[in-house]
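*Asks:* Below you will find the structure I want to go over with you.
Only the coordinates and a few stated rules stand behind these numbers; no lab work does. What you see is a predicted model, and the numbers here were worked out from it, not measured in a lab. Every residue, glycine among them, receives a Cβ derived from its backbone with ideal geometry; neighbour counts consider all protein chains shown.
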């Protein structure tokens, strides 16, 4: 266990260096915030052109809070999609990490943890910015902490699923990550209620942990779920479904990890260079 | 002149052929933008926006495909070529660097057009977007000049990005969401107020989108920033300015490369 924790800590430190050491911390954190702010402003402008106002309604709160928290999910997915390619082809260190005595799964968890933590800062900034609109926050802190921590487990599982797939692919690292992030954005009721989707997509959305995660986010930040479809679920049921779907994702990611790792070693693609 | 044109053709060739040789990329390039486009369309539906707003999203998605190509396929391309070891060959080749950039731009435009047409067809089919083109000739002219201005901007950035290290990568991602907002990707730019909209007009995408919205969705005229003819004129001026700046920066980059000797230094 101590070995795993040490690997996770080292991977977290490494990931921070890779992501942020190109500049001073203050510049990095400004950059880290600029993208999410840009995305939020885009949605605010869309809301403004339709309604002619920018003051807090529940519809606006729904969009704003969902989009702010999506920044964590989107960033983790997109960054993790690249991780294997980066290690294997750009830094050419994957083979060394693989033959080291530490667990590669722990290493990936550490890398994912840093991406998650770095994405939390823009969310905090956006939540503070939301006070200007103003978004009617009614925080349920225990629920928010639970949602964030379990959200991390779900995101790490989804991210690792991506990573293990890219162990076998020559390209598509970024595409697979973007596809995952895009699907979650479209199908989880992030910025619009699920009832707007065609019926078959709404049914599909109910199998995604992210759907329940965003519902829990709204319940813990706004104190209420405004999605007409998801508001029919009680809080306990929502937590239960989130827990269950996350567990499925975790099992799936572990199964993928072991099978893809086995196949990658068998095929000898851990050193694959495609100049990509 | 002949060597210039040969270099343009030579550099455009791998991009055109590359698109055809890797058909699976085409799937990702069409499928991925459709996800975010669909999400934005559903936002407008949830807000009960007028139908033409859904068309704004499709149009924004099409033009964003070109913007992303300008960023990742033009602006950061020299930097990328440096990383993969091709840049020295371009510099040594008996052809000006401008011709290499022009070839990249033409090849990139071809590549992206296949993606843009697919987004247009799929987007209008999926969301039943109704378009009424009032002046096809002017629309085509604005579209082409807008592309020219965007790619000229990409050429200008390519020299600057080359001088930086990983900052180039970072700057590219910084030019995505904030630029989508400032250019009015999914909404009429006039909503940001005339001063902000005018300031944002140094990004060719802003004026191009505004003009095309007016010509494709006549009901959007009340949201227009300015007359499309004036926008065409400004876009033409921007093209010339960015091309001149691109040339100046290329020369500057070459000079710095020779004096400092760092132009081929990889950050890995």
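*Asks:* Relative to the first principal axis of the alpha-carbon coordinates of chain B, what is the inclination of helix B:97-127, with its axis defined by its Cα atoms, in degrees from 0 to 90 and to the nearest 10?
*Replies:* On a 0 to 90 degree scale, this one is about 20.
*Asks:* Which whole-number percent is the relative contact order of chain A (Cα, under 8 Å, 6+ apart)?
*Replies:* Numbers: 337 pairs, mean separation 75.9, N = 276.
Answer for chain A is 27 percent.
*Asks:* Shifting gears a bit: Take every residue in peptide A:18-26, count the Cβ atoms of other chains within 10 Å of its Cβ, and give the average of those counts. Don't skip to the answer; put the middle values down first.
*Replies:* Details: counts 1, 2, 0, 1, 8, 4, 0, 0, 0.
Partner-chain Cβ atoms within 10 Å, mean over residues of A:18-26: 2.
*Asks:* Calculate the mean, over all residues of peptide A:44-54, of how many other protein chain Cβ atoms lie within 10 angstrom of the residue's Cβ.
*Replies:* Details: counts 3, 11, 14, 5, 3, 15, 10, 3, 1, 0, 0.
Counting other chains' Cβ atoms within 10 Å and averaging over A:44-54 gives 6.
*Asks:* Further question: If packing is taken as the mean number of other Cβ atoms within 10 Å per residue, what is the order of A:68-79, A:19-30, A:224-235, highest first? Please report the intermediate quantities before stating the final value.
*Replies:* On the way: A:68-79: 24.9, A:19-30: 13.8, A:224-235: 15.8.
The most tightly packed comes first, giving A:68-79, A:224-235, A:19-30.
*Asks:* Between residue A:254 and residue A:3, with labels modelled 7 Å along Cα→Cβ, what's the label distance in nm to one decimal, could you check?
*Replies:* Label-label distance for residue A:254 and residue A:3, simple model: 1.8 nm.
*Asks:* Turning to a different aspect of this structure: Using only the alpha-carbon atoms, how far is helix A:173-187 inclined from the longest principal axis of chain A? Give it as 0 to 90 degrees, nearest 10.
*Replies:* For helix A:173-187, the angle is close to 20 degrees.
*Asks:* If you don't mind, there's one more thing I want to ask. In whole percent, what relative contact order does chain B give with Cα contacts below 8 Å and a gap of six or more residues? Could the numbers behind the result be given before it?
*Replies:* On the way: 330 pairs, mean separation 70.6, N = 268.
Here the relative contact order equals 26 percent.
*Asks:* Taking a spot 7 Å from the Cα of residue B:137 along the direction of its beta carbon, which residues of segment B:212-239 have an amide N less than 14 Å from it?
*Replies:* From segment B:212-239, the list is empty.
*Asks:* Also: State the Cα centre-to-centre distance between segment A:7-68 and segment A:180-216 in whole Å.
*Replies:* After rounding, the separation between the Cα centres reads 20 Å.
*Asks:* With the cut-off at 1.5 for a/c, could you classify segment B:51-155 from its C-alpha gyration tensor as rounded, prolate or oblate?
*Replies:* prolate
*Asks:* Would you mind getting the Kirkwood hydrodynamic radius of segment B:2-260 from its Cα pairs, rounded to one decimal in Å?
*Replies:* Working: mean 1/r = 0.0525 Å⁻¹.
Kirkwood hydrodynamic radius for segment B:2-260: 19.0 Å.
*Asks:* Please build a GNM for chain A, connecting alpha carbons under 10 Å apart, and tell me which residue among A:97, A:165, A:33 fluctuates the most.
*Replies:* A:97
*Asks:* OK, next. For residue A:48 and residue B:98, what is the calculated FRET efficiency with R₀ set at 60 Å and r taken between the beta-carbons, to the nearest 0.05? All intermediate terms of the calculation are to be shown ahead of the outcome.
*Replies:* Working: r = 42 Å, r/R0 = 0.70.
The value I calculate is 0.90.
*Asks:* Using alpha carbons only, how many angstrom separate the centre of segment A:105-128 from the centre of segment B:56-105?
*Replies:* 32
*Asks:* Could you give the length gained on full extension between residue B:25 and residue B:3, defined as 0.36 nm per residue of separation minus the Cα-Cα distance, in nm? Spell out each step's value before the answer.
*Replies:* Details: separation 22, 0.36 × 22 = 7.92 nm, distance 3.15 nm.
Using 0.36 nm per residue and subtracting the Cα-Cα distance, I get 4.8 nm.
*Asks:* While we're on this one: Please give the average number of partner chain Cβ atoms lying within 10 Å of the Cβ of each residue in B:33-44, rounded to a whole number. Intermediate values should be presented prior to the final figure.
*Replies:* Working: counts 2, 2, 9, 5, 2, 6, 9, 7, 2, 10, 11, 6.
Per residue, the number of nearby Cβ atoms from other chains is 6 on average.
*Asks:* Further question on the same structure: Mean-square fluctuation check for chain B, GNM, Cα pairs under 10 Å: which of B:236, B:183, B:159 is largest?
*Replies:* B:236
*Asks:* Round to the nearest 0.05 the FRET efficiency obtained for residue A:271 and residue B:229 when R0 = 51 Å and r is the Cβ-Cβ distance.
*Replies:* Working: r = 58 Å, r/R0 = 1.14.
Given R0 = 51 Å and the Cβ-Cβ separation, E is 0.30.
*Asks:* Work out, step by step, the length gained on full extension between residue A:263 and residue A:133: first 0.36 nm times the residue separation, then minus their alpha carbon distance; give nm to one decimal. Walk me through the numbers on the way to the answer.
*Replies:* Values: separation 130, 0.36 × 130 = 46.80 nm, distance 5.17 nm.
Length gained between residue A:263 and residue A:133: 41.6 nm.
*Asks:* Can you tell me the orientation of helix B:136-163 relative to chain B, as the angle in degrees between its alpha-carbon axis and the longest Cα principal axis, to the nearest 10?
*Replies:* 40
*Asks:* May I pose another question? Quick check on packing: order B:219-231, B:54-66 by the mean number of other C-beta atoms within 10 Å, highest mean leading. Please report the intermediate quantities before stating the final value.
*Replies:* Working: B:219-231: 16.5, B:54-66: 24.6.
Sorting B:219-231, B:54-66 by mean packing, highest first, produces B:54-66, B:219-231.
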